[in-house]
Each structure stands twice: as C-alpha cells, then as structure tokens.
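Trainee: Let me give you the structure first, and then I'll get to my questions.
The values are calculated or read from the model by the stated rules, or taken from the named source; none is laboratory data. Remember, it's a predicted structure, so these values are computed and weren't measured experimentally. Backbone-built Cβ (ideal geometry, glycine too); neighbour counts: all protein chains shown.
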Amino acid sequence: MRKDIKEILINEVTLQRRIDELGVEITKDYEGKNPLIICVLKGAVLFMADLVQRIDTTLEMDFMAISSYGDSTKTSGQVRILKDLEKSVENRDILIVEDIVDSGLTLAYIINLLRERNANSIKVCTLLEKPARRVAQVKMDYIGFEVPDEFVVGYGLDYAERYRNLPYIGILKEEIYNT
Ligand code: 5GP
C-alpha cells in the first residue's frame, strides 16, 4: 500500500502526540459532565478509538454514518444519513468527532440536526481541517492538524474504501484516482 502514497504528511508518532494533547484539553473542558461523544463513521473511527482513551472523564459514545463522497475525491454537496444515532441527544453535551472538515457541508448538516434535536451544547473535534475548499463556515473547537488542499488517506480516511488501515496520514498518488 505504501507504494500508492506520494508522501507521508503526518506520521504515527506525531499523530499520537497530538491526540495526547487533545485528550488533555477535552478532559479539562468536560470535567464533571457526562458528554456524549459522537463518532462520524467511517472515517473518524480510528481517531475516536484513540481519542476516547485519553479523555479522563465519564463519557458515553454513539456512532452516526453520513454519506458525502462516494468513491470520488470531490464532495457532491449532498449529505444523507446512512446510520442514525441510537441515543437521544436532548439536553446532552455533545462532542462530534470528525476525520476531516473540507467544504464543511457534512459538519454543518450534523450540527443543524443536533440543534434541532435540542442538544444542550455542541462542540466539534476534528483530526484534520482543509481550509482551502471551505463552503460552510463551521466552528471547530479542537483541531488536530491543518492540511493542504490534497487528497489525503490513512488513519481512517479512505479512497474507494481502501487505505483506512494505514497508521499515518498520507497524500495519495494522483495516478491512483485518475485511472
Ligand atoms: P466536507 O463535507 O467537509 O466537504 O467533507 C467531509 C467528508 O469528506 C469527510 O468526513 C471525509 O469523509 C471526506 N473528505 C474530505 N476531504 C477528504 C480527503 O482529503 N481525503 C479523504 N479520504 N476524505 C476526504
């Protein structure tokens, strides 16, 4: 798989170190609360698993699957729920865990939905943010890394369902998605 990667952007050690820091920050902010941590599937699943182990407070987890990209590297702008939450968000303090915020449309959709469902508070923790192609202005409370306008894979992020199991974030070679 490494042969399909043009460049490793964020290696395993750097990723894990930053997640340590985010865990400390989130623990401080949610002390004494019982937040509901929402993982946006499938891309955020590895990040979620590592992050929650570093949050030292009582918490609950839930999962939601949203479709936005399909197999191409461009957003369709159309967002739809593939799997909804199991728990009620009413009066809960919510932390949304995302893999990457690109156009921001997915996140804007989720935040809107949780607002309509009367969450008490909504914060966002994203591993990556790609500011170059932002369409919807969304507030992110915890950001792992800013990335350039390149298609990245690994550590949960896929191309056509592949590369999610890489332990690092890499830039995919153009010839992989141009063929
Ligand atoms: P947005 O709605 O912000 O444009 O896109 C959000 C979703 O698009 C992310 O959760 C992710 O699944 C996908 N996405 C955006 N940029 C990238 C990228 O560079 N690589 C991969 N693998 N997925 C991306």
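Trainee: Pairs under 8 Å by beta carbon, first residue closer than 14 Å to Leu128 by Cβ and within 15 Å of the ligand (Cβ to nearest atom) in the stretch 39-58, partner assigned to a strand (DSSP E or B) and at pLDDT below 95, six or more apart or different chains?
Mentor: Close Cβ pairs satisfying both conditions: Val40/Ile66.
Trainee: Now, a different point. Just to be sure I understand, how many residues within the stretch 1-40 are touching a strand residue (DSSP E or B) at 6+ places or on another chain (Cβ under 7 Å), in a helix (DSSP H, G or I) and farther than 30 Å from Leu113 by Cβ?
Mentor: Here the count works out to 1.
Trainee: Among residues belonging to the stretch 132-159 that are exposed (fewer than 13 other Cβ atoms within 10 Å of the Cβ) and farther than 13 Å from Ile10 by Cβ, point out the one that is farthest from the ligand (Cβ to nearest atom).
Mentor: Per the stated criteria, the residue is Lys139.
Trainee: Do the conditions hold for Leu95, that is, is it within 10 Å of the ligand (Cβ to nearest atom), surrounded by 13 or more Cβ atoms within 10 Å (Cβ to Cβ) and of a type outside the set (Asp, Glu)?
Mentor: No: the conditions fail for Leu95.
Trainee: In this structure, does Ala108 turn out to be under 15 Å from the mean Cα position of the chain (by Cα), within 18 Å of Ile66 (Cα to Cα) and surrounded by fewer than 19 Cβ atoms within 10 Å (Cβ to Cβ)?
Mentor: yes
Trainee: Arg80 is checked against (1) touching a Ser or Thr at 6+ places or on another chain (Cβ under 6 Å); (2) among the charged types (D, E, K, R); (3) modelled with pLDDT of 95 or more; (4) surrounded by fewer than 18 Cβ atoms within 10 Å (Cβ to Cβ) and fails just one. What number does that condition carry?
Mentor: Among (1) touching a Ser or Thr at 6+ places or on another chain (Cβ under 6 Å); (2) among the charged types (D, E, K, R); (3) modelled with pLDDT of 95 or more; (4) surrounded by fewer than 18 Cβ atoms within 10 Å (Cβ to Cβ), the lone unmet condition for Arg80 is (3).
Trainee: Then there's this: Could you give every pair whose Cβ atoms fall below 8 Å, whose first residue belongs to the stretch 160-177 and is at negative phi, and whose second residue is crowded, with 20+ Cβ neighbours inside 10 Å and assigned to a helix (DSSP H, G or I), counting only separations of at least 6 or pairs across chains?
Mentor: Partner pairs satisfying both residue conditions: Arg164/Leu46; Pro167/Leu15; Tyr168/Leu15; Ile169/Leu15.
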